[in-house]
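The values are calculated or read from the model by the stated rules, or taken from the named source; none is laboratory data. If you're wondering where the values come from, they're calculated on a predicted model, not measured in any experiment. Reconstructed Cβ throughout: ideal geometry from the backbone, glycine too, with neighbour counts over all protein chains shown.
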Amino acid sequence: MKKLNHEAELVTEALRVGAIYARKRGVGQFDTTDSAKEKVTYLYRLLVHDKLIQPLARGQENEPNMKHKLALWISRQLPEDHPLLK
């Protein structure tokens with residue numbers, strides 16, 4: 001797994017966009033009391049359920065790998081000239 005440039009910022013952006021996606025889809029929303037780990041897990045599982053990302057292999061579902069998957073997902077959603085992709 002190759003770490004992306006600006007991966008932490010990409011994960012933050014993925015959580016922001018993912019919260020909007022979940023709310024529009026009507027499956028819930030993040031509370032301010034939810035931990036970052038809960039948000040990452042929820043969004044990862046939602047995107048896998050909706051077949052927007054491929055699931056991790058069994059035994060590989062841990063927080064760093066889920067964050068990496070979310071960073072990859074959002075990097076494909078952003079325009080090519082976005083500052084986080086440079």
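Pairing each residue of segment 5-27 that is outside any helix (DSSP H, G or I) and of a type in the set (A, V, I, L, M, F, W, C) with any residue that is surrounded by fewer than 18 Cβ atoms within 10 Å (Cβ to Cβ) and modelled with pLDDT of 95 or more, provided the two are 6+ apart or on different chains, yields C-beta distances under 7 Å for Val27/Leu46. Checking each residue in segment 46-69 for being buried (at least 17 other Cβ atoms within 10 Å of the Cβ), in a helix (DSSP H, G or I) and hydrophobic (A, V, I, L, M, F, W, C) picks out Leu46, Leu47, Met66. Against the conditions (1) at pLDDT 95 or above; (2) at positive phi; (3) in contact with a helix residue (DSSP H, G or I) (Cβ under 9 Å, 6 or more places away or on another chain), Met66 satisfies every one except (2). Filtering segment 30-45 to residues that are loosely packed, with under 12 Cβ neighbours inside 10 Å and either without any contact (Cβ under 8 Å) to a residue 12 or more places away in the chain or of a type in the set (A, V, I, L, M, F, W, C) (or both) leaves Asp31, Thr32, Thr33, Ser35. Search segment 1-42 for residues being under 12 Å from Ile74 (Cα atoms) and hydrophobic (A, V, I, L, M, F, W, C), and hand back the single one that is modelled with the lowest pLDDT. Result: Leu4.
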